[in-house]
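The values are calculated or read from the model by the stated rules, or taken from the named source; none is laboratory data. Note that the coordinates shown come from a computational prediction; the quantities given were computed from them, not determined experimentally. Cβ atoms come from the backbone with ideal geometry, glycine included; neighbour counts cover every protein chain shown.
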Amino acid sequence: MPHPPILDLENCASALADATDRARAGRPLDDLADSGIQLEAVHRLNQLVPGATTTLNQIPTALAQHGLLLLRNVPAADDTLLILLGAVAAPATTCEANGPRLVDHLSPAVSGEERHRAQNQRSEMLLHTDASAQQAPPDIVGLACVANEGNGGGSVLVAVDDIVKRMCQDGQKRTIGLLQNDFPYIHPQRTERPATLAPVLRDLGDGHFHVRYRKENLETGKALCPDALTEDTWAAAKLFARYLEADSRPQTTLRLQRGDYLLFDNRRYLHGRAAIDPAAYRLLKRTYFTHPTKVQEPVR
């Protein structure tokens, strides 16, 4: 899998950052939770920095064509700018994984500190899609790098189309089982909630798929809802996991550097990361975006 397309903002980053407060028109950051206000702010940003319009228009084009984009030289300290850069493609949305914030901070625990969120652990993070146990996972994930000092923490991206293609090439007929609507997704730390029932794959036609997957959510769902699916259908999920975890899987690997802002389609790509060295310091900011005309996957 090739490296994601790169869009360097070096020539307009300072001007964009200087204009973000005016683009908000004096409103507090929390007001940007309103998609209409976001769109107004994006419009004002284009007016305030007209030289950046052509560059910003490349963001939705790249995401539509490739499903991912790496922005370089982004002032990651500016939360408003992170929101508006993604909002060029789709409005930023709050999500339970981020709490009430549009921008969440992700940093591994330091020695002696206990953190339960998976993204705050230093161990390897397996391939997954974000917020798979929620009724409507975000369409796009944005990860902005504030700092990445020390060893480890490399990001991994895998296109679901590549995995399905490989499974079909190997003659795996169980792929069709992943289209079943009744896979139960339950977050391991929220077992008091009912399962979200949805397929692992949604067939878009012409060899393209959307994916919803997190191994631990499905394992928890199976433990609490053992009769939700047949053993053959569960076997399809296990087979999918084996292909995701295979050393030969087609993947993109990159180590985010300060000022990098990775945007990718949460429905077309699974993502994970390598383990983070105990002495390393890594701080990312995560923002979610969802298309207002999103076609919902069948869930119950």
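The listed residues are Pro108, Pro2, and the only one of them that is modelled with pLDDT under 90, in a loop (DSSP other than H, G, I, E, B) and buried (at least 19 other Cβ atoms within 10 Å of the Cβ) turns out to be Pro108. In this structure, does Glu231 turn out to be modelled with pLDDT under 95 and on the phi < 0 side of the Ramachandran plot? Yes; evaluated as a whole, the condition is true for this residue.
Taken over region 150-179, the criterion of being of a type in the set (S, T, N, Q) and either crowded, with 21+ Cβ neighbours inside 10 Å or more than 23 Å from the chain's Cα centre (by Cα) (or both) is satisfied by Ser155, Gln169, Gln172, Thr175.
Only residues that are out of contact with any Pro (no Cβ under 6 Å at 6 or more places or on another chain), buried (at least 16 other Cβ atoms within 10 Å of the Cβ) and not in a strand (DSSP E or B) were counted in region 261-280, giving 5.
Look at region 167-182: where a residue is over 17 Å from Ser132 (Cβ atoms) and a partner is in a loop (DSSP other than H, G, I, E, B) and hydrophobic (A, V, I, L, M, F, W, C), sitting 6+ places away or on another chain with Cβ atoms under 9 Å, you get Gly177/Val200; Gly177/Leu229.
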